[in-house]
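Notes to accompany the following structure.
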Amino acid sequence: MDDLEDELESERCFRAKSEKQKSDLARELEELHERLEEAGGATAAQLELNKKRETEMAKMKRELEEASIQQVNLLFRFLKEIPKIVSD
């Protein structure tokens with residue numbers, strides 16, 4: 001009878017230990033899930049910010065190219081005017 005009681009007590013201890021480990025693992029899994037969601041949100045925000053910066057850079061590049069073309073056109077116009085000014 002004592003052997004059965006010892007075995008039952010051992011089984012209860014084992015079950016309690018297993019339940020505690022299960023609870024700990026469930027809590028750890030939930031924490032990891034929350035951290036993953038936070039990291040995913042941060043990644044999405046960073047991607048959106050990068051997209052905005054790329055759009056802004058493309059706009060600035062176009063504006064710079066347009067300004068450069070205007071300066072070249074102005075320079076050629078002045079170069080055409082120099083002979084007229086010199087001859088007058």
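Since every read-out is calculated from the coordinates, none of them should be taken as a lab result. Predicted, not measured: the structure shown is a model, and the values here were computed from it. We place every Cβ from the backbone using ideal geometry, glycine too, and count neighbours over all the protein chains shown.
Extension gain, residue 38 to residue 78: 0.36 nm times the residue separation minus the Cα-Cα distance gives 8.4 nm.
Computed over neighbours whose Cβ is under 13 Å from that of residue 25, the net charge equals -1, Lys and Arg +1, Asp and Glu -1. The gain in end-to-end length when the residue 26 to residue 63 segment is fully stretched comes to 7.8 nm, 0.36 nm per residue minus the alpha carbon separation. Relative to the longest principal axis of the C-alpha atoms of the chain, give the angle of the C-alpha long axis of helix 2-87, reported between 0 and 90° and rounded to the nearest 10°. Taking Cα atoms only, the helix is inclined about 0 degrees. Toward the positive end of the charge dipole of segment 1-82, with +1 on the Cβ of Lys and Arg and -1 on the Cβ of Asp and Glu, the farthest Cα among 21, 68, 42 is that of 68.
Between the entries (i) 68; (ii) 217; (iii) 103, the label attached to volume of the Cα convex hull per residue in Å³ calculated for this structure is (i).
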